[in-house]
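The values are calculated or read from the model by the stated rules, or taken from the named source; none is laboratory data. Computed from a predicted structure; not experimentally measured. Neighbour counts run over all protein chains shown; Cβ positions are idealised from the backbone, glycine included.
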Amino acid sequence: MSGKLAAVLGTGQTKHVSARKDVSIAGLVREAADRALADAQLEWKDIDAVVVGKAPDMFEGVMMPELYLAEALGALGKPMFRVHTAGSVGGSTAVVASHLVQGGIHERVLTVAFEKQSESNAMWALSIRIPFSQPLVAGAGGYFAPIVRGYIRKSGAPLDTGYKVVLKDRLNALKNPFAHVHDHEITYEKIAESPLLWDPIRYAETCPSSDGAAAMVIGSEAAAAKQDRPVAWIHGTSVKSEPTMGAGRDRVNPHAGRMCAQEVYKEAGITDPFRQIDCAEIYVPFSWFEPMWMENLGFAEEGTGWKMVQDGTTSLTGEMPINMSGGVLSTNPIGASGMIRFLEAANQVRGMAGEHQVPDAKVAMGHAYGGGSQFFAMWVVGSEKPTS
Amino acid sequence: MSEPVTGITTPIRMEYRYTPGRTTSDFLKAMKGGRMEGRRCPSCRKVYFPARGGCSMCGREFAETVPIKETGTLATFAVVNVNFANRVIDLPYVTAEVVFDGADTTTMVLLRGVSPEEVRMGMRVKAHWIPKEEWDYSLANIDYVEPIDEPDAEYDSYKDLV
C-alpha cells in the first residue's frame, strides 16, 4: 500500500445491453453514478472530484464527451479529469481516482467509465486505414487472432480451451443481473460450431458490443469509517505501458503486464498470487486471453495457463475463480469494461457480489488491458485494511 | 402522431495532409523505387522493417540502413471471415505476419496463392508487387505475399516473433 489508506465506498453499474435508446450518454453515466452514490449512502455534495474514462472518442464520434458530461456528473465547481488508455481505461481511471485519495488531495472521489457502442461502430473505428499501407486490419479480432495463434503454438493448448472459457463465463453471467449476454441455451457444442470470424477465433469466443456505464466512490480512511456498509480497501494499484510494436516485444506475454502484476503484488504484500488472491476479474475480450493472462499475472507458469481452464480451476467453484460476473465475454461497454472488473473485485471483498459471490472472498484482483496489449491497469482490494 | 426522433446519422469526412518525417520519407522513396529498406538499432542490433526512426525497445536513434529481401517466413496469421464497414478485400482473406529475410520484426501483409485451410506457420513466402508503373510512395506496392517452393522454416528460427 502506498500513500494514505483508501477504500471503495460504493459501486454502481447499469444493466448492460446492446442499445440503450432511452438515454443519452449523459443519462447513462448519471444512472451508474446515482447508483454508486446510493450504494455508498452519499449525496452529490459529498463528492470532491470526478474522474471519468472512456475508450477512444472515435467509438461514438463524440469528441471530448467529458466537456458535456460535467453537469451530469455533478462536476460543476469541482475538479474533473478524463483518462485515456484505450481498452484499459476503466481500470486506469479507477487507479487515478484512488491516487487522488491516497495522495491526501481529496476525501471522496467519484469515478465513472462508459461506452455507448450503439451510437457508432467500434469495428469500423478499429479498422482505420493507415497511410501508405494496405487496409488489412479487421477490428480488434483481426489484430489479436495472430497473437492467439502464437499462444496456442507456444503452449500446445488443446483447441477447445477457448470454448471452455466462454462456456464458463456465459454461465457465470446468468448469475449476474447486470450482464449483457444472458444466453440460457448456451452449450459447448454451440460454441464449437459457431463461425470462425478470425480463425482461430470463433464468433462465440468474442465479446459483445454493449451500452453501459460503471461508477465507484472512493474515499479516505476517515470517509470509510463513517460508512455503515462494507467497504473494499485498496491494497495495491499499478499502471504500466509499452510500445505497440518493437523488435523482440513479446505480444503473447507482454513485459508491461508482468511488471504491472509484480508491482501491484509488491504493494499489496502478495508473494504467492495463486494462494493469496481469492478470485480475480480480468480483461478477456477473446476467450484465449484467460489462459494468456493467467500466465502473465503469475497465477500459472508460462505455457500452462490453459490447464487451469481445462481442469476447472478458474470456474466459480474452482480454486481460483476468474470472471465470476461473466467477464468482458458477456458484457463489453469498452471504456467501462476495465472499471467493471475493478468494481466486481471490490464487490466480492465487500461480500456484495450477489449470486456470483465467491464465498468468503477476502482479497480480489481487478485487471484491464488495452491498445495492442500495451496498457495495463490493476488493483488488489481486500475486506480488511492493508497491513503492509 | 409522428415517430419521436431518437437519433440521427451524421456522416463526417476528414481529409488530412500527412507528413511522414525523415526516416519514413526515405523508406517510402525506396518503396517507390522497388526497394525494401530496414533500419538497424545500434544497441540491440535488431532490424526494423518498415524502417523507423528509432528503436521502440532501446530508445536509440537508427543510423544504419539495411536492405531487406522479398522473401520471408510467415510467423503467424489470421483468416479474416467477418464483414465490416470500409472493407475492401474479398472474404475470406489471410493476414500474414511475415518476417522478411533480413528483418527482425513482422509486417502484416495479405497472403494469396494458397487456400486458407492450407496456411501454416513457418511457410516461406515471397512478395508480389503491383505493376511497376503503379508504384507509389507506399508499402502497399507489395500487393501480397505468396508461398514459394522452399521447406518450412524451423519453429525456433521465428518463435520469438509470433
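For this structure, a couple of remarks:
- Near pairs, Cβ below 6 angstrom, 6+ apart or cross-chain, from the range A:40-52 (farther than 22 Å from A:Gly90 by Cα) to any residue that is among the charged types (D, E, K, R): A:Asp46/A:Arg108
- One residue from A:Val349, A:Val284 being in contact with a Lys or Arg (Cβ under 7 Å, 6 or more places away or on another chain) and under 22 Å from A:Asn176 (Cβ atoms): A:Val349
Okay, residues lined up against (1) among the polar types (S, T, N, Q); (2) crowded, with 21+ Cβ neighbours inside 10 Å; (3) in contact (Cβ under 8 Å) with a residue 12 or more places away in the chain:
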{"residue": "A:Ala225", "(1), (2), (3)": "no, no, no"}
{"residue": "A:Asp228", "(1), (2), (3)": "no, no, yes"}
{"residue": "A:Cys260", "(1), (2), (3)": "no, yes, yes"}
{"residue": "A:Lys266", "(1), (2), (3)": "no, no, yes"}
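Each row is one residue, and each column tells you yes or no for (1) in contact with an Asp or Glu (Cβ under 6 Å, 6 or more places away or on another chain); (2) outside any loop (DSSP other than H, G, I, E, B); (3) at pLDDT below 95.
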site	(1), (2), (3)
A:Leu28	no, yes, no
A:Glu31	no, yes, no
A:Leu37	no, yes, no
A:Leu42	no, no, no
A:Gly53	no, yes, no
A:Val62	no, no, yes
A:Arg82	yes, yes, no
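- From the list B:Met36, B:Met57, the one residue that fits, being at negative phi and touching a Cys at 6+ places or on another chain (Cβ under 8 Å), is B:Met57.
- Qualifying residue in the range B:91-107 (condition: free of Cβ contacts under 8 Å to residues at least 12 places away in the same chain and over 15 Å from the mean Cα position of the chain (by Cα)): yes
- Matching option when the condition is outside any helix (DSSP H, G or I), modelled with pLDDT of 95 or more and over 14 Å from A:Gly327 (Cα atoms), among A:Pro177, A:Pro146, A:Pro158: A:Pro158
- Looking only at the range A:142-167, and only at residues there that are free of Cβ contacts under 8 Å to residues at least 40 places away in the same chain and more than 9 Å from chain B (Cβ to nearest Cβ), the one that is nearest to the chain's Cα centre (by Cα): A:Leu167
- Of all residues in the range B:63-80 being in a loop (DSSP other than H, G, I, E, B) and of a type outside the set (Gly, Ala, Ser), the one that is surrounded by the most Cβ atoms within 10 Å (Cβ to Cβ): B:Ile68
- B:Arg124 vs. criteria over 16 Å from the mean Cα position of the chain (by Cα), more than 9 Å from chain A (Cβ to nearest Cβ) and farther than 25 Å from A:Ser127 by Cβ: no
- Of all residues in the range A:96-141 being surrounded by 17 or more Cβ atoms within 10 Å (Cβ to Cβ) and among the β-branched types (Val, Ile, Thr), the one that is nearest to the other protein chains (Cβ to nearest Cβ): A:Val137
- Across the range B:107-120, not a single residue is classified as in a strand (DSSP E or B) and surrounded by fewer than 17 Cβ atoms within 10 Å (Cβ to Cβ).
- Residues that are in contact (Cβ under 8 Å) with a residue 40 or more places away in the chain and within 14 Å of chain B (Cβ to nearest Cβ) within the range A:181-210 comprise A:Leu197, A:Trp198, A:Asp199, A:Pro200, A:Ile201, A:Arg202, A:Ala204, A:Glu205, A:Thr206, A:Cys207, A:Ser209, listed in sequence order.
- Taken over the range B:32-48, the criterion of being of a type outside the set (Lys, Arg) and under 16 Å from B:Gly102 (Cα atoms) is satisfied by B:Met36, B:Glu37, B:Gly38, B:Cys41, B:Pro42, B:Cys44, B:Val47, B:Tyr48.
- Which numbered condition B:Glu133 misses (of (1) farther than 25 Å from A:Leu126 by Cβ; (2) without any contact (Cβ under 8 Å) to a residue 12 or more places away in the chain; (3) part of a loop (DSSP other than H, G, I, E, B)): (3)
- Scope the range B:41-86; condition closer than 21 Å to B:Ser138 by Cα, at pLDDT below 95 and at the interface with chain A (Cβ under 7 Å from one of its Cβ atoms); matching residues: B:Asn86
- Residue in the range B:47-62 that is in contact with a strand residue (DSSP E or B) (Cβ under 9 Å, 6 or more places away or on another chain), of a type in the set (Gly, Ala, Ser), part of a loop (DSSP other than H, G, I, E, B) and free of Cβ contacts under 8 Å to residues at least 12 places away in the same chain present: yes
- Scanning the range B:87-116 for residues that are among the charged types (D, E, K, R), farther than 29 Å from B:Cys44 by Cβ and facing chain A (nearest Cβ under 9 Å) yields one hit, B:Arg87.
- Only one of A:Val29, A:Val62 that is surrounded by fewer than 24 Cβ atoms within 10 Å (Cβ to Cβ) and of a type in the set (A, V, I, L, M): A:Val62
- Any chance A:Ser2 is within 19 Å of A:Gln102 (Cα to Cα) and among the polar types (S, T, N, Q): yes
- Only one entry in A:Gly303, A:Gly371, A:Gly351 is of a type in the set (Gly, Ala, Ser), over 29 Å from A:Thr244 (Cβ atoms) and surrounded by fewer than 24 Cβ atoms within 10 Å (Cβ to Cβ), namely A:Gly351.
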